[in-house]
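Chemist: Below you'll find the structure I mean.
The values are calculated or read from the model by the stated rules, or taken from the named source; none is laboratory data. The shown structure was predicted, so the numbers you read here are calculated from the model rather than taken from an experiment. Because the Cβ atoms are built from the backbone with ideal geometry, glycine has one as well, and the counts that use them run over all protein chains shown.
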């Protein structure tokens, strides 16, 4: 019986529903007389008026075909379908009245009202009963996939509607942590809280969970997927699953915009490389592990199977979220996750961690990197970015850490702002240590803006577009180098494996991208039009606010020419001038005195004296909310 029901064609299923519509006519006819006339008189009344029954069956056949009630799938029997059944019953009742009057059968008018109501009750309850029988059959069949949808929002409802068109997939319930949706029925499915997940798996015999929350970041979707997969379930996100079942239109509408789609060059493809041999079985520490770059580095390092991964992070909440995700990612890999709360400027803390955790490799990604924020808080930015780098580099050298990789930025090239100058000073400190560290290989990896990271242009534009605009742009001519987080982190790991000491590795980021063109592209990708002089009726306006203090129209990646290729086409090696040991000590001493005195002007004078290309233009504190710059 189970195999027969599952193997039924769509035409056979329509025939069953058509026969149900027709078969209920005599039953409703007789039941109506029982209700209207009383049990003692009903038999004779039905027999006396039996010629009306075949006529009503013909009417029901016509109505079923014209209204399409037999075409409505049982899994799609929702409120709209119930209303169509009610219309069917009303028209059948009116037809019964008309035929009785034409035949002068003398049936009271009230009977036809009862007949319509009874038929509606039987037709709707009959379909609901068949649906429960069908679900019971499906629950016993291994050929049917029972799906739990995580997310009861618009995306989840759209997915549930799409799945009802699939004969081999049955959505059984929603899972949503929104307390306002709890115990409600959405799109015909009950909504449960995430705390009930294990009970639901047993109750509904769930085969698969689909994450219908495309607004979540890719990283959080991955984290949630891995947590659910621990329960032995097949877990998929909406776009991937929609592609699997051929719902291409649904994917186009619901899949979030991927940052890499806005880079006008060939998409990045991960390649195996020396990083797999450089980090497997070692103890790796990543500073700034709760930031965008730091977290992606952690994700990729875990896949390389180090013995231990130490997360050094100043922000407590960021460290908590990072540890939570990476403990899940590291399950089954043998990688030990060690969270450390603190600053890279704390020499005693850094030394203790390096010694106790036996660190072999450091990726130093911790930095204050938002240009306007550092410009407005120069001394704090310098203390963290420059002195923090000096402290951790010194401790790495003293304790014989094998590799030290500084994550730098294109804003360090001929810097025009405090953040860029602080990062260039950090580079020179690392370059100095590279010349006198026989046991530690120091290197630098420099790249431009990372799409999708915190504070970068893409999420800011998306937020402004979601609010209806305007999108703020500092200057229409601004260009920036762009790279995805995944690509940047992968190339950083590769470059760290290439290093022999003192190199500045520059990542090939293609041609610079117009930020104005990026804004227009993102507006169009979001389904809106740009409002400008040529299109005054457009949806979103782009407003130019002017460059802020320290901002440049165009960034550079190299200070001097003479770059050399490496084993990877996207990694370029350059050798750049740096300070001597005595000069490094002098600049750190002078800068320390300025910071101790809380004298930002004096600190800038130190940078002007020692950082080539930095003019130290002193201006008012910038308005942080004005305009938008790409800050990584």
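Chemist: Quick check on the range 188-233: of everything there that is part of a loop (DSSP other than H, G, I, E, B) and at pLDDT 75 or above, which residue is nearest to the chain's Cα centre (by Cα)?
Modeler: Checked the range 188-233; the qualifying residue nearest to the chain's Cα centre (by Cα) is 212.
Chemist: Give just the number: which of (1) at pLDDT 80 or above; (2) under 21 Å from residue 64 (Cβ atoms); (3) within 36 Å of the chain's Cα centre (by Cα) does residue 115 not satisfy?
Modeler: (3)
Chemist: Looking only at the range 444-454, count every residue that is at pLDDT below 75 and either surrounded by 19 or more Cβ atoms within 10 Å (Cβ to Cβ) or more than 22 Å from the chain's Cα centre (by Cα) (or both) and tell me the total.
Modeler: Total satisfying the criteria: 5.
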